[in-house]
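The values are calculated or read from the model by the stated rules, or taken from the named source; none is laboratory data. Since we're looking at a predicted model, the values are computed, not measured. With ideal geometry, Cβ positions are generated from the backbone for all residues, glycine too; neighbour counts draw on all protein chains shown. In case anyone asks, the SASA skips ligands and DNA or RNA and just uses the protein heavy atoms, side chains included. Shrake-Rupley method; radii C 1.70, N 1.55, O 1.52, S 1.80 Å.
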Amino acid sequence: MDMVQMEWYLVLATVMMFCGIYGFLTRRNLLAMLISVELILNSVDINFAVFNRFLFPGQLEGVFFTIFAIGVSAAETAVAIAIIINIYRNMKNIQVKNLDKMKED
Amino acid sequence: MGYTIFILLLPLLSFLLLGLCGNFMKPKAAGITGTLSTAAVTMLSYFTAFRYFSAGRGADGIFPTLMPYNFRWLPFNDTLGIDMGVMLDPIAVMMLVVISTVSLMVHIYSFGYMKGEKGFQRYYAFLSLFTMAMLGLVVATNIFQMYVFWELVGVSSYLLIGFYYTKPAAIAASKKAFIVTRFADLGFLIGILIYGYYAGTFGFTPEASRLMSAGMMIPLALGLMFVGGAGKSAMFPLHIWLPDAMEGPTPVSALIHAATMVVAGVYLVARMFPLFVGYAPDLLPWIAYIGAFTALYAAVVACVQSDIKRVLAFSTISQIGFMMVALGVCTSTDPHDGGLGYMASMFHLFTHAMFKALLFLGAGSIIHAVHSNEMSAMGGLRKYMPLTHITFLVACLAIAGIWPFSGFFSKDEILAASFGFSPVMGWVMTAVAGLTAFYMFRLYFGIFWGTENRELHAAHRPKESPLNMTLPLVFLALVTCIAGFIPFGDFVSSDGQAYHIHIDPAIAAVSLTVSLCAIGLATWMYARDRQPVTDMLASKFSVLHKAAYNRFYIDSIWLFITKKVIFRCISAPVAWFDRHVIDGFFNLCGKAAAWLSEKIRPMQNSNIQQYTIWYLAGAVVLVLILLF
C-alpha cells in the first residue's frame, strides 16, 4: 500500500496543534502568538480535509469547510494585524505583558 | 331595561371626572356635577322601580328576575367564571331606590354642611365612588361581583372616614374600620371560594343536586359569608369599627354608616336567604341570637353615651341587629308560616335607611350650629332650630316605633316574626325596642330641651341651617311619615308572592305601650332643667355606668387580643424568625458569594496566556469527564 495512511495525517495535525498551543502560551510577542493561532487553525483544516478524503470520499463538505476556514482565518489575520499595528503605534512595542490598560486598578 | 347600566356608569364617570379634574374645577361646580349625576341616577332608579313593579308578576305570581347585562369577566374553566352585570329582582330594585334617594339627599345636604371645607371636590368624588360601588353591590348578578363591589364600598368608606386626614383620630378610625371589615371579609372570601367549588357557580341559584351532594360544606360556606356580613354590618363582636367611624363628616355617616353600607350584611344574608333556609337551617337561629345580643348590647351602650353621633352609631348597630334577628328567625320561605321575618327585615331596612339618614343629617345640622358633638354643648336648641327640631322628633318617633311613623310598621313585623320564633326572643326584642325609645328620647331631650348651655350659646348663638341642609331633612321626614303605609309585602316577600301586611293588634299594643312608657320615662328623667334622677342612678350604679360608657370594654378586649396576644406571642416571634433566620440565610448566601468572588478575582490578571491555560485546563477536565 503506497498510499499515506490516515493516521499519519492525524498525527501531523495533532503535532501542529500542540505546537500552536505551545507557541501561543510561551511567546510574548503578539505576532508570534498570531502565527501560533494560525498553526492551530491549519491543523484543524487538515483534519477536515483528511476526514473528508478518507471517510466520506463521495462528498465535498469537509473540503468546502476547509476553504471556508482558510478564508475566514485570512480575514481574521488581517484584522488581528491591524489591531497589532495600532497597538504598536500607541505603545511602541507589541509585548503581550504590556496589554493591561483595560484592567482596572 | 338596558338603561340600567347607566345607574352604575353615571356615578363612575362623575367619580373619574371629579377625581381627575376636581382640582381644576371650582368647588361649587364639582358639587353640582356630583349632585346632578346622582340626581340622574335617582331618577333612573325610580323609573326602573316603576317599570319593574308595574310590569307585573309572572305566571307563577312572582316578579321575574331580570338580567339586562351579564358578561363573563373572568373565566376560570368551562363552567366556572366570574360574571359582571346587572340583576334586577324585588330586593335589588328596593335597594336601588333606597341608596339613590339617601345618596341624593346627602349630596344636596353636603353643599351646606361641607361649605368651605378643604377638599370639597375630593369629597364629592368619593361620594360618587361610594354610590357607584353600593349600587353595583345590590345589582350584582353573582356572589363574586358582590364581593368586588363589597370591597369597593369598604375602600370608599375608608377614604371618607379619613376625609379629615390631618386629624389623627380620623386616620385611626379609618384604619380601624378598614382592617376590621377586611378581617371579616377574609371569611367572606373563603366562603365564596368554598361555595364556588361545591356549587360549581358563583350565581345565586345553583343546581340543587350539587348542593345536596356537598353535605356540610354549604352551611360552612354560608356561615363564613355571614362572618363577612357581620363585619360590614357591625355585628357583635365585630362592631367596634362603627362608633369610631363617626370621625368622618356627618353626611358620610348618614349615607354610609347608617343607611346603606352597614346594611350590606343584611342584604347579603337576604340575598342568600333561599340557600340559608334550604341548606343551612341550623345556622339561622344563630344569626338571630347574634343579632339579638348585638341589638341589646348596643342599645344599653347607647343609653349612656354623651357624643350624639355615638348614640346614633350604637342605635344603628342595634337596629341592624333587629334586621338580622328578623332574618334569623325565619324557618321557611313561606311568609305565612315562618318566613315573615324576611319581609320584615327588608321593610325595616327600607324604613330605617330613611329615618336613620334623617337622624344623622339632623345631628349634622345640630353639630353645624353648635360646633360640638357633645350633648353638654346643646340643650334647649328647639328655640333656635325649629325645622331641625321637628324633623328630628319625627325620626325619633319613627325609630321608637310610634304609630303612624314608618318605624312602627316595620318593627311590628319584626316583633311578630320574633314572637313566631319563640316568646323569649319576642320579649327580648320588645325590651330592646323599649330601650331604643328610651335612649332616642334621652338624646332628643338632651339636645332640644334639658339644661341649656347658656354660656356657649350666648358666645355663639346657634341658628337654623341653610335651606340646602333643611330641605333634605324635610323630604326625609315626609318619607318617614308615609313610608309605613307602603304595602311593602306586595313588593318583597320571602317566596316572591304578594303578602298583605296585617298588624297583629296584641303585639302592636304591647310594643306601643312599652315604647310610650320608655318615652315617658325619658321625658321624666331628661326633659327638665336639672336631672337628679339621672345623676343619682349614675352614681349608684357607677360601675355599670362606667362599663357601659366605655362600651363594656370590648375595644379594650380587642386591643388586648391583638396587641398583647397576637402581636406579642405570634407576630413578634414570626417577625424575629423572618428577620434573623430567613433574612440571615439569604444574607449568608450573599456574603458567601461576595467572599468567593473576592477570592477568585485575582485570577483575572489581564494576562491572556494565563487565561488560555485556564481555558485549556477546563477543556481537558471536560474531555476527561466526557471520556470516563
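Please report, for the Cα atoms of the range A:6-104, the Rg to one decimal and the Dmax as a whole number; what are they, in angstrom?
16.7, 55
Run through the range B:85-127 and list the trypsin sites (Lys or Arg not before Pro) located in a DSSP loop whose Cβ has at most 16 other Cβ atoms within 10 Å.
B:Lys115, B:Lys118
Can you compute the FRET efficiency between A:Tyr88 and A:Leu25 using 1/(1 + (r/R0)^6), with r the Cβ-Cβ distance and R0 = 22 Å? Round to the nearest 0.05.
With R0 = 22 Å, the Cβ-Cβ based efficiency is 0.50.
Per residue Cα convex hull volume for the protein assembly as shown, in cubic angstrom?
Expressed per residue, the convex hull around the Cα atoms of the protein assembly as shown is 301 Å³.
Do any chymotrypsin sites (Phe, Trp or Tyr not before Pro) in the range B:515-593 lie in a loop, going by DSSP, with at most 13 other beta-carbon atoms within 10 Å of their beta carbon, and if so which?
B:Phe541
What FRET efficiency would be calculated for the residue pair A:Gln5, B:Glu598, taking the C-beta separation as r and a Förster radius of 45 Å, to the nearest 0.05?
Rounded to the nearest 0.05, the efficiency is 0.25.
Report the extension gain between B:Ile190 and B:Asn605 in nm, rounded to one decimal, defined as 0.36 nm multiplied by the number of residues separating them, less their alpha carbon distance.
Once the chain is fully extended between B:Ile190 and B:Asn605, it gains 143.3 nm.
Would you mind pulling out the separation of the Cα centroids of the range B:285-321 and the range B:227-282, in Å?
First find each Cα centre; the distance between them is then 12 Å.
In debye to the nearest 20, how big a dipole does the range B:1-103 give about its Cα centre with +1 on each Lys and Arg Cβ and -1 on each Asp and Glu Cβ?
Computed about the Cα centre, the dipole is about 440 debye.
Using Cα pairs closer than 8 Å and at least 6 residues apart in sequence, work out the relative contact order for chain B, in percent.
Relative contact order for chain B comes out at 12 percent.
Order the peptides A:31-43, B:297-309, B:423-435 from the highest to the lowest mean number of other Cβ atoms within 10 Å of their residues.
Ranked by mean Cβ neighbours within 10 Å, highest first: B:297-309, B:423-435, A:31-43.
How many angstrom lie between the C-alpha centres of the range B:16-95 and the range A:25-82?
Between the Cα centre of the range B:16-95 and that of the range A:25-82, the gap is 79 Å.
Rounded to the nearest 10 degrees, what's the angle between the helix B:27-54 long axis and the longest principal axis of chain B, both from Cα atoms, 0 to 90?
That helix lies at roughly 70 degrees to the long axis.
Please compute the average number of Cβ atoms from other chains found within 10 Å of each residue's Cβ in peptide B:602-614.
So the per-residue partner count for this stretch is 3.
How much net charge surrounds B:Glu464 when only other residues with a Cβ under 12 Å from its Cβ are counted (Lys, Arg +1; Asp, Glu -1)?
Within the 12 Å Cβ shell, the charges total +4.
Please list the non-local residues whose amide H lies under 5 Å from the amide H of B:Trp73, H modeled 1.01 Å from N, same-chain partners needing a gap of 5 or more.
Close amide H contacts, sequence-distant or interchain: B:Ile82, B:Asp83, B:Met84.
Residue by residue through the range B:171-181, what is 3J(HN,Hα) from phi via Karplus (6.51 cos²θ - 1.76 cosθ + 1.60, θ = phi - 60°)? Round to whole Hz and write x for glycine and proline.
Once θ is set to phi - 60°, the couplings for the range B:171-181 become 5, 4, 5, 5, 5, 4, 4, 5, 5, 5, 5 Hz.
If I fit a long axis through the Cα atoms of helix B:467-482 and take the longest principal axis of the Cα atoms of chain B, what angle between them do I get, 0 to 90°, rounded to 10?
The helix B:467-482 is inclined about 70 degrees to chain B.
Hey, which of these cross-link pairs are over 24 Å Cα-Cα: B:Lys175/B:Lys564; B:Lys232/B:Lys356; B:Lys309/B:Lys540; B:Lys167/B:Lys309; B:Lys309/B:Lys546?
B:Lys309/B:Lys540, as the Cα separations exceed 24 Å there.
With charges only on Cβ, +1 for K and R and -1 for D and E, what is the dipole size of chain B about its Cα centre, in debye, rounded to 20?
So the magnitude is around 1980 debye.
Length gain on complete extension for the stretch B:Lys546 to B:Asp490, per 0.36 nm per residue less the alpha carbon to alpha carbon distance?
Full-extension gain reported as 15.5 nm.
Per residue of B:371-384, what is the mean number of Cβ atoms on other protein chains within 10 angstrom of that residue's Cβ?
0
With angles folded into 0 to 90 degrees, how steeply does helix B:505-526 sit against the dominant principal axis of chain B? Use alpha carbons for both and round to 10.
Computed tilt is about 90 degrees.
Show me, for the range B:76-87, the HN-Hα J-couplings you get by feeding each phi into the Karplus relation (A = 6.51, B = -1.76, C = 1.60, θ = phi - 60°), rounded to Hz, glycine and proline as x.
Per-residue couplings from phi come out as 9, 8, 4, 9, 9, x, 9, 9, 10, x, 10, 10 Hz.
Karplus couplings for the range B:187-198 from phi (6.51 cos²θ - 1.76 cosθ + 1.60, θ = phi - 60°), rounded to Hz, Gly and Pro as x?
Once rounded to whole Hz, the list reads x, 4, 5, 4, x, 4, 5, 4, 4, x, 5, 7.
With Cβ to Cβ distances under 15 Å as the rule, what net charge do the other residues near B:Phe491 carry (K, R +1; D, E -1)?
Around B:Phe491, the charge tally is -2.
Please quote Rg/Rh for the range B:357-447 to two decimal places, taking the Kirkwood radius as Rh and restricting both calculations to Cα atoms.
Rounded to two decimals, Rg over Rh is 1.08.
Multiply the residue gap between B:Leu622 and B:Arg528 by 0.36 nm, knock off their C-alpha separation, and tell me the result in nm, one decimal place.
Full extension of this stretch gives 23.6 nm more.
In nm, give the distance between the simple-model label positions of B:Asp578 and B:Tyr197, each being 7 Å from the Cα along the Cα-to-Cβ direction.
2.6
Based on Cα positions only, what radius of gyration and what Dmax would you give for chain B, in angstroms?
28.9, 109
Assign unit charges at the C-beta atoms only (+1 for Lys and Arg, -1 for Asp and Glu), then state the dipole size of the range B:525-628 relative to its Cα centre in Debye, rounded to the nearest 20.
500
Any idea of the accessible area per residue across chain B, 1.4 Å probe, to the nearest Å²?
That works out to 42 Å² for each residue.
For the protein assembly as shown, what does the helix formula give at 222 nm: sum of -39500 (n - 2.57) over DSSP H segments with n ≥ 4, over the residue count, nearest 500 deg cm²/dmol?
-23000 deg cm²/dmol
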